[in-house]
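Report on the structure given below.
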Amino acid sequence: MLFTGCSKEEVKKTIDELQSSLVSQGVEEDDLGNIVNGQYFFDDGDNQYYSSFDTNGNPHIYLKDKSTGNIKTIFDGFGWSFAVNDGWLYFSGNAGTSIDATYTLYRCKTDGSDLEHLIDKYTVNMNFYNDWLYYSRKADYDSQISSIYRASLDGSNEEEIVSGVSANGLSVVFNNKLYYMDSNNYMYRANVDGTNKEQILSDKIDQFIIGKGRIIYLDQSDNIKSCKEDGTDIKTIRASDGTDINRINSYDNILTYVTYGEFDYSTYSWDYSIYTISIDGLNDLKVYDSYSYGFYVNILNDKIYVLDYYQDSSFNKLIAITRNMNLDGSNLQDLYR
């Protein structure tokens, strides 16, 4: 969605008429995978925002002006669940020199000024739908049950709309319906205020996204499947071969998934690989090998973005570096840090 050249009133009108959660420029409106994958890179048409650790081992949110190429730090700390709405950048994050997994809700002007701390509780999976800010909230990082909340754009009028959802708090609005996983890993959809919920899949699942207007999900046997919005017309994209899979995302007709192997205590990370596969199940290819404590994949503007998070012995702490590459894995580069 391109807002460049629009007045604030035109942008606000466009956002007010959205039928689904707001996505970055460079992503089709029926591809919402980045939202449930952390959204640590966001393009609003004029600026790009991302998190990374600098070469001194400290985390920052960076702003890149697309017209000039100039890059500056706008937050000293780590953040993700980025989204821009009506002149404000919103994110879940923590200030300081490490990722401390507190993840409370902030916003600042798109130039980095006027930082506000909106909600001081643990919040993740933040996204916008019309005049509402949606997010999941739980007691702390280790809690096994979340609730889905929404609030006004300034953080006021907070309300819990679905309780007892999965610990990862995955949820997204698509075509005026709220999709989420409950604490038993079943998938539901409901009205956008959380009412009239219905279970739409009999499979237990580990993750879901919306890709090309279909639900794409990873079941607990590591099969990747897709279905229509109401859970019908289930198709298998990739049948399990016994490999552990974690994290799926999509971009146009390409799906990415992550496989992982052994844990290395020297770097406090897992060996992992990223594969691409077409949504019809063809062209299953490995495009990236690395290591990370968690697996984070965003895709936009014909680029795959990864956030590799590992123990760096030179700083004696975990650091995260954002990198991107072409869809085939070529031209790998670290973003400015």
Problem set entry | Subset of segment 307-333 (residues that are surrounded by 12 or more Cβ atoms within 10 Å (Cβ to Cβ), on the phi < 0 side of the Ramachandran plot and among the small types (Gly, Ala, Ser)) | Ala320
Problem set entry | Subset of segment 20-69 (residues that are touching a residue at least 60 places away in the same chain (Cβ under 8 Å), assigned to a strand (DSSP E or B) and in contact with a Lys or Arg (Cβ under 9 Å, 6 or more places away or on another chain)) | Phe41, Asp43, Asn47, Tyr50, Ser52, Phe53, His60, Tyr62, Lys64
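Please tell me if Phe75 is farther than 30 Å from Asn185 by Cβ, touching a residue at least 40 places away in the same chain (Cβ under 8 Å) and buried (at least 17 other Cβ atoms within 10 Å of the Cβ).
Yes: the conditions hold for Phe75.
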Problem set entry | Residues of segment 178-203 satisfying the condition of being in contact with a Ser or Thr (Cβ under 9 Å, 6 or more places away or on another chain), surrounded by fewer than 20 Cβ atoms within 10 Å (Cβ to Cβ) and at negative phi | Asp182, Ser183, Asn184, Tyr186, Ile200, Asp203
Exercise. For segment 190-249, which residues satisfy the criterion of being farther than 18 Å from Ile148 by Cα, within 22 Å of the chain's Cα centre (by Cα) and not in a strand (DSSP E or B)?
Worked result: Lys204, Lys212, Gly213, Gln220, Asp222, Asn223, Lys228, Glu229, Asp244
Problem set entry | Which numbered condition Gly213 misses (of (1) modelled with pLDDT of 95 or more; (2) farther than 20 Å from Asn184 by Cα) | (1)
Problem set entry | Pair list, Cβ < 6 Å and 6+ apart or interchain, from segment 289-314 residues that are among the polar types (S, T, N, Q) to residues that are part of a loop (DSSP other than H, G, I, E, B) | Asn298/Asn34; Asn301/Gly26; Gln311/Thr267; Gln311/Tyr268
Seminar exercise, completed: Ala151 vs (1) more than 17 Å from the chain's Cα centre (by Cα); (2) closer than 23 Å to Leu63 by Cα; (3) of a type outside the set (D, E, K, R): all pass except (2)
For this session: Identify the residue in segment 227-264 that is within 17 Å of Asn37 (Cβ to Cβ) and polar (S, T, N, Q) and, among all such residues, is modelled with the lowest pLDDT.
Result: Asn246
Exercise. Of the numbered conditions (1) surrounded by fewer than 23 Cβ atoms within 10 Å (Cβ to Cβ); (2) under 20 Å from Ala320 (Cβ atoms), Asp46 satisfies every one except a single condition; which is it?
Worked result: (2)
Exercise. Tell me, which strands (runs of 3 or more DSSP E) lie completely within segment 103-162 with 1 or more residues that are modelled with pLDDT under 95 and of a type in the set (D, E, K, R)?
Worked result: 132-138
Seminar exercise, completed: Among residues of segment 79-104 being in contact with a helix residue (DSSP H, G or I) (Cβ under 9 Å, 6 or more places away or on another chain) and more than 15 Å from Tyr62 (Cα to Cα), the residue surrounded by the most Cβ atoms within 10 Å (Cβ to Cβ) is Asn85
For this session: For Thr267, indicate whether it is of a type in the set (Ser, Thr, Tyr), part of a loop (DSSP other than H, G, I, E, B) and at pLDDT 95 or above.
Result: yes
Exercise. In segment 225-258, what count of residues is obtained for those that are of a type in the set (Ser, Thr, Tyr) and either touching a residue at least 60 places away in the same chain (Cβ under 8 Å) or buried (at least 20 other Cβ atoms within 10 Å of the Cβ) (or both)?
Worked result: 5
For this session: From the list Asp193, Asp203, pick out the single residue that is out of contact with any Leu (no Cβ under 7 Å at 6 or more places or on another chain) and either more than 19 Å from Met126 (Cα to Cα) or among the hydrophobic types (A, V, I, L, M, F, W, C) (or both).
Result: Asp203
For this session: With respect to Ser92, determine if the residue is under 26 Å from Ile321 (Cβ atoms) and in contact with a strand residue (DSSP E or B) (Cβ under 9 Å, 6 or more places away or on another chain).
Result: yes
Exercise. For Ile274, which of the numbered conditions (1) part of a loop (DSSP other than H, G, I, E, B); (2) surrounded by 20 or more Cβ atoms within 10 Å (Cβ to Cβ) fails to hold?
Worked result: (1)
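The values are calculated or read from the model by the stated rules, or taken from the named source; none is laboratory data. The model shown is predicted, which means the values in this text are computed figures rather than measured ones. Please note: Cβ atoms are built from the backbone with ideal geometry, for glycine as well, and neighbour counts cover all protein chains shown.
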